[in-house]
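The values are calculated or read from the model by the stated rules, or taken from the named source; none is laboratory data. Source: prediction; values computed, not measured. Cβ: placed from backbone, ideal geometry, glycine included. Neighbour counts: every protein chain shown.
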Amino acid sequence: MAESRLSVICFLPLVLANPFLTLLLANANQLVQRGVEGSPSDHPLPEGWKKLYSRTKDREYYQNVNNGKSQWYPPAKDAQQQEQKQNEQEQALKPLQEQHTLLMVQVMLLSH
């Protein structure tokens, strides 16, 4: 992900000069962000967890009230469930990352 952000920064002046490229890049970033965040969870939280909202990041996060640790993703009920959920998120993110890379290539080609 850091590499794609770096490429965005390198081409930012070209993208901002072209409204079509700006829109294309915004859509690509939304796709990737949706893939990272996943769909909102309506499942009840495990005991000892609460859902909070970060105004600086403009998104929800979860805090364990017992140890004070926080995370962006809903907590799993056990380690196996957590590992399975992480694997599912990684698998779901792969096509979005590929699409983001393809859109970045299109942005580079259109800007030359």
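Would you tally the residues in region 53-71 being of a type outside the set (S, T, N, Q) and either exposed (fewer than 10 other Cβ atoms within 10 Å of the Cβ) or touching a helix residue (DSSP H, G or I) at 6+ places or on another chain (Cβ under 8 Å) (or both)? Don't jump to the end; show me each part of the working.
The initial filter retains those residues of region 53-71 that are of a type outside the set (S, T, N, Q), namely 53, 55, 57-62, 65, 68-69.
Pick out the ones that are also either exposed (fewer than 10 other Cβ atoms within 10 Å of the Cβ) or touching a helix residue (DSSP H, G or I) at 6+ places or on another chain (Cβ under 8 Å) (or both) and you get 53, 55, 57-59, 68.
The number of residues fulfilling the criteria is 6.
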Out of Thr101, Thr56, report the one residue that is at pLDDT 90 or above and polar (S, T, N, Q).
Thr56
